[in-house]
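What follows is a single structure, written as structure tokens, with notes after it.
Just so you know, all these numbers are worked out from the coordinates, no wet-lab data involved. Bear in mind the structure is a predicted one, so any value in this text is a computation, not a measurement. All Cβ positions, even for glycine, are placed from backbone atoms using ideal geometry, and neighbour counts span all protein chains on display.
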Amino acid sequence: MHWTNVLTAAIVPLTGVRAAMLRFSCSQLVVDRLDPLVNPGQVPSPHLHQIVGGNSFNVTMDPNVNDISESSTCTSCQFTEDFSNYWTAVLFFKARNGTYKRVNTIGNGLGYSASNGGQTVYYISNGPVTAFKPGFRMVVGNPAFRTQAQARTNPALQFTCLASPMTRSGYRYDFPTDTCAGGIMVTVRFPTCWDGKNTDSPDHQSHVAYPVNRNCPSTHPIKIPEVFYETYWDTRPFNNKALWPADGSQPFVWSFGDKTGYGNHGDYIFGWKGDALQRAMDANCNSDLIQDRLNCPTLKSQSIVNANKCSIQRKVKEDLDGWLEELPGGGME
Ligand SMILES: *[C@@H]1O[C@H](CO)[C@@H](O)[C@H](O)[C@H]1NC(C)=O
Ligand SMILES: *[C@@H]1O[C@H](CO)[C@@H](O)[C@H](O)[C@H]1NC(C)=O
């Protein structure tokens, strides 16, 4: 197994303590300029996202109007009771001549390479946790961050230069400075403590918090599962340094115009059916992949091939595949 020390620490149970780790692939549902969490109703939203999960993803996702665990008819994730939506910004390559080309996602090398892009999602616990309530949503990170000090206020919004698809070392907070033979992995780790009351907050962040010395602070006393994304960006087609900036600097930029990488962020809208997530966490599921089947008997799952079939149409019509003069939406550099 190729785990980081961080992850190993997270899943080794203390004696008698419940620990769970769901890990599964979610194929690309759509790449679109929408953000129902931060910019609900805005078409197009300021920057481009790559989105996975249930097919109820929409311009506006008001939990009082629509329960996505009921209205979705498919999910691009392997666990078929999971209609949550998970999304991140999109990576672009900026060529020496100043034009931008969108970078695709590919399946995670830990056994999920059949996936049609998207991302790998984890739910991790060490000790009992309370699963999210219907309507729960949160954001981690901040697209306006441009310094390492800002990025480090979140413990794990990181980049890994993949020497191979299995690389799990050399985590960093900014874009790798050299070519990466296996692409670039971006990790997004959400806080694990909840205020116990609010399913959202005005900044979509302050209803959750990080533990202090492993304990949830009194303001946010409820332990929730750790939601964690790994996204593989296929930067391999852009490893020709003749196309990189003449000064040798790295050529990748987030869809919101960030060349540093410190603005890395992720969005989550909970959408598991009924008590499925709570059941899986209580059952200490450790859903390693066994020949394309996830090892968590209390949950229903589908093959990656089936998950690949769940996708939706883009709502914003714009060129996302050419060499673009500017980032979709113009970026906010
Ligand atoms: C998306 O929202 C629109 C209304 O804003 C609605 O007409 C449409 O059915 C929704 N689509 C999905 C897939 O929920
Ligand atoms: C810019 O560079 C890319 C990569 O070499 C090339 O495909 C594209 O045609 C160039 N565009 C312009 C306008 O020169």
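Think of each Lys and Arg Cβ as +1 and each Asp and Glu Cβ as -1; about the Cα centre, that makes the dipole of the chain roughly 540 debye. FRET efficiency for the pair E318 and S169, taken as 1/(1 + (r/R0)^6) with r the Cβ-Cβ distance and R0 = 35 Å, rounds to 0.40.
Counting only pairs 8 or more residues apart or on different chains, how many lysine pairs in the chain have their Cα atoms under 15 Å apart?
Numbers: K94/K241; K94/K259; K101/K259; K133/K197; K133/K223; K133/K273; K197/K223; K273/K300.
Taking the Cα cut-off of 15 Å, the pair count is 8.
About its Cα centre, how strong a charge dipole does the stretch 8-138 have in debye, to the nearest 20, once Lys and Arg get +1 and Asp and Glu get -1 at the Cβ? Mind dumping the intermediate values first?
On the way: 9 positive and 7 negative charges, 130 e Å.
That gives the stretch 8-138 a dipole magnitude of about 620 debye.
Classified by the C-alpha gyration tensor, the stretch 6-307 has a rounded form. Its axis ratio a/c, with a ≥ b ≥ c, is below 1.5. Look at the dipole of the stretch 6-307 built from charges on Cβ: of Y86, Y232, I184, the Cα furthest out on the positive end belongs to I184.
If you take the square roots of the eigenvalues of the alpha-carbon gyration tensor of the stretch 212-312 and sort them as a ≥ b ≥ c, do you get rounded (a/c under 1.5), prolate (a/b over b/c) or oblate? Can you show the working numbers first?
On the way: a/c = 2.73, a/b = 1.51, b/c = 1.81.
Judged from the Cα gyration tensor, the stretch 212-312 comes out oblate (a/c at least 1.5, b/c at or above a/b).
Couplings 3J(HN,Hα) for the stretch 89-98, derived from phi with the Karplus relation 6.51 cos²θ - 1.76 cosθ + 1.60 (θ = phi - 60°), are 5, 10, 8, 10, 9, 9, 6, 4, 7, x Hz, where x marks Gly and Pro.
Tell me which trypsin sites (Lys or Arg not before Pro) from the stretch 206-282 have a DSSP coil assignment and no more than 13 other beta carbons within 10 Å of their own. Write out the running numbers ahead of the final one.
On the way: sites: R214, K223, K241, K259, K273, R279; in loops: R214, K259, K273.
Loop-located and lightly packed - R214.
Can you show me the helix-derived [θ] at 222 nm for the chain, built from DSSP H runs with n ≥ 4 at -39,500 (n - 2.57) apiece and divided by the number of residues, rounded to the nearest 500. Only helices count here, giving -1500 deg cm²/dmol.
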